[in-house]
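Let me begin by presenting the structure, written as structure tokens, before commenting on it.
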Amino acid sequence: MPTATSTEAVTYCRICEPLCGLIATVDHGRLVSLRPDADHPLSKGTACPKGIAFTEIQNDPDRVLHPLRRTAEGEFEQVSWDEALTDIAARLKQAWDEDGGSAVGHYLGNPSAFSYSAALWSGLFLKRLGSVHQYTTGSQDINSRFVASKLLYGAATQMPFPDLPRTDFVLMLGANPHVSHGSAVRAPRIKHELSAITARGGRVVVVDPRRTETAKAHEHVRVRPDSDAWLLLSLLHVVFTEGLTDEAAIAAQSTGVDLLRDAALGFPPEETAARTGVDADVVRQLARDFATAPRATAYGRTGACLGRHGTLVSFLIDVLSLVTGNLDRPGGTVFSQGVIPLEELAEKAGAMTYGASHSRVGGFPDVMGIFPSGIMAEEITRTGHGRLRALIVTAGNPVLTVPDGERLVAALQELDLLVSFDLYVNETNRYADYVLPAVTFLEREDFPFALTAASPRPFFQATEAVLEPYGEARPEWEVFEELAHRMGLSLTAGGPLSALNRPLLALERRGLRLTPRRLMTMLLRTGPYGDRFGLRRGGLNAKTARKHPHGVVLGEHAATGILADVVRLPGGKVCLDPPEIAEELARLGNRHRTDGADGSDPDFPILLIGLREIRSQNSWMHNSPTLMKGARRQSARIHPEDAAAAGVVDGGAVRIVSRHGAIEVAVTVTDDVGPGTVAVPHGWGHRGGWQLANASEGTNVNQLMSSDTADLEVLAGMTLLNGVAVRLEACP
Ligand SMILES: Nc1nc2c(c(=O)[nH]1)N[C@H]1C(S)=C(S)[C@@H](COP(=O)(O)OP(=O)(O)OC[C@H]3O[C@@H](n4cnc5c(=O)[nH]c(N)nc54)[C@H](O)[C@@H]3O)O[C@H]1N2
Ligand SMILES: Nc1nc2c(c(=O)[nH]1)N[C@H]1C(S)=C(S)[C@@H](COP(=O)(O)OP(=O)(O)OC[C@H]3O[C@@H](n4cnc5c(=O)[nH]c(N)nc54)[C@H](O)[C@@H]3O)O[C@H]1N2
Ligand code: SF4
Ligand SMILES: [Mo]
């Protein structure tokens, strides 16, 4: 409740993708509390525990509020911004002068997906330097989806999503929106949205190795980890062989269907059942039900992206929607469209590349200029031309989130320079030369960005900062610009922004400096809902946006029938037979024939998968007392039979061993996972500057994951995080 001295500000949460509306109560420049915004048109007064608990992050005494420099003794000491920037700029410049773009790199962490200014200006900076070492969470998350979109539509940023408000049937593979709150589909009340489908007589079928929170609320098909490619090919087999296709849609929307028709013939459900663990009858019925539902959509998320065939799985998910006549149709899988047309602009400029260049280590194709994080350590340690010498980490904690953190820790210490922008000293930047205090999302203005384009209800909300930065925290974009300046470089003149020449010139004519905010405001006006600089009455511009502090719904439904605008391939049709997919199908067919019936490894017979928790956010919210209440700890979910076989008990500990590492972790015995599957949350094993997190029990599960180039997924360089072969042992 507001007091005599406090004020309230309308804003929105930027921890995860729904961007729920929040009301911040502020007193004398300090955050008092956050609560859900009842007037937000989409989230309507809902928010999750993380959003509310962000107050404890904002006010955390462990937060970094001043630039820190590492001393010779390995301790951090406070320095002035000027000292820090002078030294960083000089050292970056030296590496760059000597080795050019191959010396300097960047790792952009997940929170930057909610900070357009940090993402854009860091991108400009790295591009200006010609950096060939750009890494993100993408290879642990979504790059396989981007590559599938590039191959299908010629547009890597295209993010087809389920039209939840209008569908009758959602086939969901590898997503748990009851906990994750939805990813690559922006639906703040997604739990409600899914139950509305069943309430109107529709179905939600959750394909997951674990009986998840979402699966418990809907229909569950238990699948063996990392077998979705086989399952999808069997579903397609039934659709093709039983005449359940929509041939008119196939002809109108696509080319090259014969590749899949032929390939699917080789995967009858009876032959894949051993590998997928799904009975042939179940697969046949599922295929028929999906194909004959009036409006159906297949949707996949991280569980579909992070296996050995992640790109193929993402590809086949869209194929299933297309061949059954459900692509680009109301209630089906529909195309994303940015209110601020950043992606479109970048696509038009040809900047959203795939395979335009290849990495020094492993020869992986770039995905929009990004390379797999799995190779980052070796790019630092392998000598010779092109060695990564200076690394900036923005809002990331790769030591806990990429494969084999210990290998990365060793590599980080070989860098000439490591700089990080963060709220905390974390497990990664504790090895940095400088930790620079970044603003929180409440301390910066923002625009919706990136995945928000996948919105079943077109929506726009921008926000002002609701707090002045605490301490000496600064927005990352200003620091990137300042570093460029100190290196004698301009981020905007020429180079990376050439695609924006027209709007840039318009600004220049008005004597204005280009800031991220000016750029976004300009783009907003040119977008599908923009005022076109006065040409479209009532369209969005900065002023009309301000009239809607809680955000504005721009249309009842997502656009459909826009395939011709979306597809950027010659002929304007979806490509179902790209050579990359033909090759991947051949690799899969080969495994199908040679791997044995279910593909399992006798020495490592259990398959490990991930698990997200409602009160965690990857690695960075374990310092909030509220979220850590009740002696919370990380635990492995193990089936009773596997627990008994390994001699471990509920509440005890287990040793999990893979070919690449071993960890010990607490045990929860549960039949939520099937026999042969173990689920372990990531983001634990703390030893940074966050004291409560450090005190929590837990270990880095990604120590089990391999960063060997041979173990990364071929097409997008995805880390194999799901379906990792392990064995369980009693702790010594
Ligand atoms: N085994 C396994 N591993 C996984 C996954 C999995 O499912 N299983 N999931 C993967 C996925 S999907 C992701 S996205 C990655 C996440 O990987 P990362 O992005 O590397 O890790 P996060 O834990 O999100 O760390 C974010 C860091 O940003 C800081 N931070 C928070 N807000 C801000 C801000 O506003 N500005 C700045 N500058 N810093 C901020 C936090 O303090 C934290 O240190 O993990 C991946 N790793
Ligand atoms: N509370 C909370 N919310 C979050 C996050 C968080 O850490 N905590 N992280 C955010 C981030 S960065 C992301 S990217 C999103 C992710 O959003 P989601 O992908 O919806 O979240 P997950 O819970 O990882 O769901 C993946 C599901 O895939 C299943 N799975 C694992 N392997 C396989 C497989 O081989 N096949 C199939 N079919 N399923 C499999 C897992 O059991 C799990 O249920 O969530 C975001 N939201
Ligand atoms: S679901 Fe929670 S963390 Fe995600 S945006 Fe909403 S309130 Fe924030
Ligand atoms: Mo993610």
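Every number in this text was worked out from the coordinates using simple rules, so none of it is lab data. Nothing here was measured: the structure is a model prediction, and the numbers come from that model. When we count neighbours, we look across all protein chains shown, and the Cβ atoms used for this are built from the backbone with ideal geometry, even at glycine.
Can you compute the helix-only [θ] at 222 nm over the chain? Use -39500 (n - 2.57) per DSSP H run of at least 4 residues, normalise by all residues, nearest 500 deg cm²/dmol.
It lands at -9000 deg cm²/dmol.
Counting only DSSP beta bridges with both residues in the chain, what percent are antiparallel, rounded to the nearest 5? Write out the running numbers ahead of the final one.
Working: 43 of 87 bridges.
Antiparallel bridges make up about 50 percent of those DSSP assigns within the chain.
For LYS348, give me every one of the aspartates and glutamates with a C-alpha distance below 15 angstrom, ignoring sequence neighbours fewer than eight places off in its own chain.
ASP565
Under 8 Å for C-alpha pairs, at least 6 residues apart: give me the relative contact order for the stretch 498-588, rounded to a whole percent. Show your work: numbers first, answer last.
Values: 38 pairs, mean separation 10.2, N = 91.
Relative contact order comes out at 11 percent.
Based only on the alpha carbon positions, what is the Kirkwood hydrodynamic radius of the stretch 545-585, in angstrom?
Working: mean 1/r = 0.0712 Å⁻¹.
Its Kirkwood hydrodynamic radius stands at 14.0 Å.
When only Cα pairs under 8 Å and 6 or more residues apart are kept, what is the percent relative contact order across the stretch 6-58?
Values: 98 pairs, mean separation 15.2, N = 53.
Value for the stretch 6-58: 29 percent.
As an exercise, take the mean of 1/r over every pair of distinct alpha carbons in the stretch 592-730, invert it, and state the Kirkwood radius in angstroms. Spell out each step's value before the answer.
Numbers: mean 1/r = 0.0629 Å⁻¹.
Over the stretch 592-730, the inverse of the mean reciprocal pair distance is 15.9 Å.
Assign one of three labels to the chain, namely rounded, prolate or oblate, based on the Cα gyration tensor with a ≥ b ≥ c the square roots of its eigenvalues; rounded applies when a/c is under 1.5, prolate when it is not and a/b is larger than b/c, and oblate otherwise.
Values: a/c = 1.40, a/b = 1.19, b/c = 1.18.
Note, shape of the chain comes out rounded.
For the stretch 6-58, rounded, prolate or oblate, judged on the Cα gyration tensor with a ≥ b ≥ c (square roots of eigenvalues), a/c < 1.5 rounded, else prolate if a/b > b/c? Each step should come with its number before you reach the end.
Working: a/c = 2.34, a/b = 1.41, b/c = 1.67.
Oblate is the answer for the stretch 6-58, as a/c is 1.5 or above yet b/c matches or exceeds a/b.
For a 18 Å ceiling on Cα separation, which of these pairs sit above it: LYS127/LYS150; LYS50/LYS191; LYS50/LYS629; LYS150/LYS573; LYS93/LYS127? It would help to have the intermediate numbers written out before the result.
Details: LYS127/LYS150 21 Å; LYS50/LYS191 16 Å; LYS50/LYS629 13 Å; LYS150/LYS573 13 Å; LYS93/LYS127 15 Å.
In this structure, LYS127/LYS150 exceed 18 Å between Cα atoms.
Where a Cα-Cα gap under 15 Å defines reach, which aspartates and glutamates qualify for LYS216, not counting those fewer than 8 residues away within the same chain?
Answer for LYS216, where 15 Å is the Cα cut-off: ASP208, ASP671, ASP672, listed by chain and number.
Sorted from largest down, what three extents in whole angstroms do the Cα atoms of the stretch 288-378 have along their principal axes?
50, 33, 18
In whole percent, what relative contact order does the chain give with Cα contacts below 8 Å and a gap of six or more residues? Walk me through the numbers on the way to the answer.
Working: 1640 pairs, mean separation 140.0, N = 732.
For the chain, the relative contact order is 19 percent.
Using label points projected 7 Å from each Cα along Cα→Cβ, tell me how many nm separate HIS358 and GLU482, to one decimal.
Inter-label distance under the simple model: 4.2 nm.
Just to verify a number: FRET efficiency for THR515 and GLU406, C-beta to C-beta distance, R0 = 60 Å, to 0.05? Can you show the working numbers first?
Numbers: r = 41 Å, r/R0 = 0.68.
It comes out at approximately 0.90.
Direction-averaged shadow area of the convex hull around the Cα atoms of the stretch 295-439, nm²? The partial results should precede the final answer.
Numbers: hull surface 46.4 nm².
So the mean shadow area of the Cα hull is 11.6 nm².
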